[in-house]
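To start, the structure under review is shown below, and the notes come after it.
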Amino acid sequence: MRRSTAAIATRAWINEFIIPLKICPFASRADVKVVTAPNELAFIEQHVTECQRLCEMANSTTEKHTSFVVLDHDLPLHRFRWLAAMARREAHTCDVWGPRDPDKVVDIWYHPEQTHGIFVKLQAWAFPPLENLHFTTRSPYPAVQLLRNHDLLAVEKMWNCQHLSGPTLTEHIQNGNRTRLPEQSGLHALFQRLRG
């Protein structure tokens, strides 16, 4: 079966951007699955299916798993946010910044036009290099990443044991992203190439 352009671009984005720049703390050591959806209804159905698949995995396994559900065409950012919220409601997933229930699956939203957040935008206004952080929430095509909270808790626990003092894992990732990300022109060129 021929893979869609969105699936190929997403795989390239994971291998050339997410993993090398360590945007996701365990993507390089996880079983990563990419599924595409041809329309909005299929996107919600795939979201629910992948969430159920992750929930059925035994929490005792040491292997980490994550799924990317990708829409195989463009969608305006406001419409995608509505769609991702609908999928979250149907699948009973939660925001990555929400309560860490180990039996829950969390979702992270990516979009070609996504911005990082109001705090980063204010910092970016004062310090132009931080504009690059917006790319940590961007993908070639609209996508949602699904992760088991169990895996995130395990990563955080390991980090806390190794770093009893100092930044939290989230702060470490954010600080690292500021230094690892290429120049903004290079990021634009990378994303244009991934889009074909």
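Nothing in this text is a laboratory measurement; each read-out follows from the coordinates by a stated rule. Treat the numbers as computed from the prediction; the structure is a model and nothing was measured. Don't worry about glycine lacking a Cβ; one is built from the backbone with ideal geometry, like all the others, and counts go over all protein chains shown.
Which whole-Hz couplings ³J(HN,Hα) result when phi for each residue of segment 142-156 is put into the Karplus expression 6.51 cos²θ - 1.76 cosθ + 1.60, θ = phi - 60°, listed in order with x for Gly and Pro?
So the J values, rounded to whole Hz, are x, 8, 10, 9, 10, 9, 6, 4, 4, 5, 5, 5, 5, 5, 5.
Does segment 1-53 come out rounded, prolate or oblate by the C-alpha gyration tensor, with a ≥ b ≥ c the root eigenvalues, rounded set by a/c under 1.5 and, if not, prolate when a/b is larger than b/c and oblate if not?
On the way: a/c = 2.46, a/b = 1.49, b/c = 1.65.
Oblate is the answer for segment 1-53, as a/c is 1.5 or above yet b/c matches or exceeds a/b.
Once you put a point 7 Å from the Cα of residue 79 and another 7 Å from the Cα of residue 33, both along the Cβ direction, what distance in nm separates them?
The answer from the label model is 2.8 nm.
Amide H to amide H under 5 Å from residue 64: which residues, 5+ apart in sequence or cross-chain, H placed 1.01 Å off N in plane?
Counting only residues 5 or more places away or on other chains, the set is 31.
Can you tell me the length gained on complete extension of the stretch residue 15 to residue 115, counting 0.36 nm per residue apart and subtracting the Cα distance?
On the way: separation 100, 0.36 × 100 = 36.00 nm, distance 2.16 nm.
Fully extending the segment from residue 15 to residue 115 adds 33.8 nm.
Quick one: 138, 81, 193, fewest Cβ neighbours within 10 Å first, how do they rank? Provide the component values of the computation, followed by the final result.
On the way: 138 18, 81 15, 193 12.
Starting with the residue having the fewest Cβ neighbours, the order is 193, 81, 138.
Counting Lys +1, Arg +1, Asp -1, Glu -1, what net charge surrounds residue 67 among other residues with beta carbon under 11 Å of its beta carbon? Provide the component values of the computation, followed by the final result.
Working: positive: 33, 53, 148; negative: 31, 50, 107.
Net charge around residue 67: 0.
On a straight-distance basis, which aspartates and glutamates could pair with residue 33 in a cross-link, Cα separation under 12 angstrom, same-chain partners fewer than 8 positions away excluded?
Residue 33 reaches 50.
Among the aspartates and glutamates, which fall within straight-line cross-link reach of residue 104, defined as a Cα-Cα distance under 12 Å, with same-chain neighbours fewer than 8 residues apart omitted?
Excluding near neighbours in sequence, the set is 56, 95, 151.
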